[in-house]
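Enquirer: There's a structure below that I have some questions on.
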Amino acid sequence: MQLLKDKILSEGTAVNEDILKVDSFLNHQVDPKFMEVLGDEIARHFEGSGITRVVTVESSGISPAIFTAKALGVPMVIMKKQPSKVLNDHLYQTMVTSFTKGTNYELTMSQKYVGESDHVLVVDDFLANGETAAGVIRLIRMAHATVAGVAVLIEKAFRPGREKIERAGIEVFSLVKISSMSKDRILFADEEDPE
Ligand code: 5GP
C-alpha cells in the first residue's frame, strides 16, 4: 500500500536493522484519519468472509483493529498483556515472548467475548517472529472459534512470522512488507534494491 510506504519513509525511523519506530502515527501518537484508511483496506480484503469479531493485542494493535472492526460492522476484542484485578475469572491464557522487550508475558482473553460460533480476524500493527499472532490464535482456538486470517500493517519479511502462521494453515495479509532496514534506508519487499 503506497500510502503507508510513504508514511513510513517520511516519518518512520529504523532504530537498528530490526526495529522500526513509527511513534508519530501508530505507536505513540495516532493519526486517526490515516488509521481509518488502513483499517478500511484490511476490511476490504476480508469482506464477505463471514467475520464476526476482530481481535487485537493491547496497545498498538488497537487503532488499526478498531477501524477494521468498524468497517466490517463487528465488535473488536482486546487481548490483555498486563495482569488485572478486574479481569480475573473465566479466562483463556497463554504465554507469549515479546519481540520488542524480549520478555515473556501472559496473554489473556475473557471467555465472554469470543465463542465457538465466532470467525475471528486477528489485527496487529507489526508481524515479526509471529509469536504474538501465534499466541492470539491459540486463545481463539481455546474458545473453539475459527480464525479468518491475520492482518498486519507492517510485515517484517526478513523475520519468520508469515511462514509460522501460514504453516498453521492461516492466511497472512499485510499492507506493506519490509525486506530490510538500516539506519539510513528502509527497503520494501516489492521494490528493487537500487544498488
Ligand atoms: P512478533 O510477535 O511477530 O515477533 O512481533 C510482533 C509484535 O512486536 C507486535 O505486536 C509489535 O507490537 C511488536 N513489534 C515487532 N516489531 C516491531 C517494530 O519493528 N517496531 C515496533 N514499534 N513494534 C514491533
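The values are calculated or read from the model by the stated rules, or taken from the named source; none is laboratory data. Computed from a prediction, not measured in an experiment: that's the story for all the values here. Positions of Cβ are generated from backbone atoms using ideal geometry, with glycine treated the same way; all protein chains shown enter the neighbour counts. When the accessible area is computed, the model is the full protein with side chains, heavy atoms only, and any ligands, DNA or RNA have been set aside. Shrake-Rupley method; radii C 1.70, N 1.55, O 1.52, S 1.80 Å.
Enquirer: For VAL96, work out the one condition from (1) open to solvent by less than 60 Å² (accessible area, probe 1.4 Å); (2) more than 15 Å from the ligand (Cβ to nearest atom); (3) assigned to a strand (DSSP E or B); (4) not aromatic (Phe, Trp, Tyr) it doesn't fulfil.
Expert: It is condition (2) that VAL96 fails.
Enquirer: Can you tell me which residues in region 77-134 are closer than 22 Å to ILE66 by Cα and of a type in the set (Lys, Arg)?
Expert: LYS80, LYS81, LYS112
Enquirer: Among the numbered conditions (1) open to solvent by less than 40 Å² (accessible area, probe 1.4 Å); (2) at pLDDT 95 or above, tell me where ILE62 comes up short.
Expert: All conditions are met except number (1).
Enquirer: Still on this structure, please answer the following. Can you list residue pairs whose Cβ atoms sit under 6 Å apart, with the first residue in region 120-146 being touching a residue at least 40 places away in the same chain (Cβ under 8 Å) and on the phi > 0 side of the Ramachandran plot and the second being crowded, with 20+ Cβ neighbours inside 10 Å and not aromatic (Phe, Trp, Tyr)? Count only pairs 6 or more apart in sequence or on different chains.
Expert: As it stands, the answer is none, since no pair meets every condition given.
Enquirer: Somewhere in region 71-79, is a residue within 15 Å of the ligand (Cβ to nearest atom) and either in a helix (DSSP H, G or I) or modelled with pLDDT of 95 or more (or both)? Steps first, answer last, please.
Expert: So the first thing to find is which residues in region 71-79 are within 15 Å of the ligand (Cβ to nearest atom), and the list is 78-79.
Narrowing further to those that are either in a helix (DSSP H, G or I) or modelled with pLDDT of 95 or more (or both): 78-79.
Yes, region 71-79 contains a residue that is within 15 Å of the ligand (Cβ to nearest atom) and either in a helix (DSSP H, G or I) or modelled with pLDDT of 95 or more (or both).
Enquirer: Of all residues in region 31-59, which are within 13 Å of the ligand (Cβ to nearest atom) and either over 14 Å from the mean Cα position of the chain (by Cα) or open to solvent by 40 Å² or more (accessible area, probe 1.4 Å) (or both)?
Expert: The first filter runs over region 31-59 and keeps only residues within 13 Å of the ligand (Cβ to nearest atom), leaving 55-59.
GLU58, SER59, listed by residue number.
Enquirer: Looking at region 139-167 only, could you name the residues that are over 15 Å from the mean Cα position of the chain (by Cα) and either modelled with pLDDT under 95 or basic (Lys, Arg) (or both)?
Expert: ARG141, ARG167, listed by residue number.
Enquirer: Could you run through region 18-30 and say how many residues are open to solvent by 20 Å² or more (accessible area, probe 1.4 Å) and either within 8 Å of the ligand (Cβ to nearest atom) or in a helix (DSSP H, G or I) (or both)?
Expert: In the first step, residues of region 18-30 are kept if they are open to solvent by 20 Å² or more (accessible area, probe 1.4 Å); the result is 18-19, 21, 23-24, 27-30.
Then keep just the ones that are either within 8 Å of the ligand (Cβ to nearest atom) or in a helix (DSSP H, G or I) (or both); that gives 18-19, 21, 23-24, 27.
Of the residues in region 18-30, 6 are open to solvent by 20 Å² or more (accessible area, probe 1.4 Å) and either within 8 Å of the ligand (Cβ to nearest atom) or in a helix (DSSP H, G or I) (or both).
Enquirer: List the residue pairs whose Cβ atoms are under 9 Å apart, where the first residue sits in region 26-48 and is more than 13 Å from ALA65 (Cβ to Cβ), the second is among the charged types (D, E, K, R) and in a helix (DSSP H, G or I), and the two are 6 or more positions apart or on different chains.
Expert: Filtered contacts from region 26-48: GLN29/ASP23; ASP31/LYS7; PHE34/LYS7.
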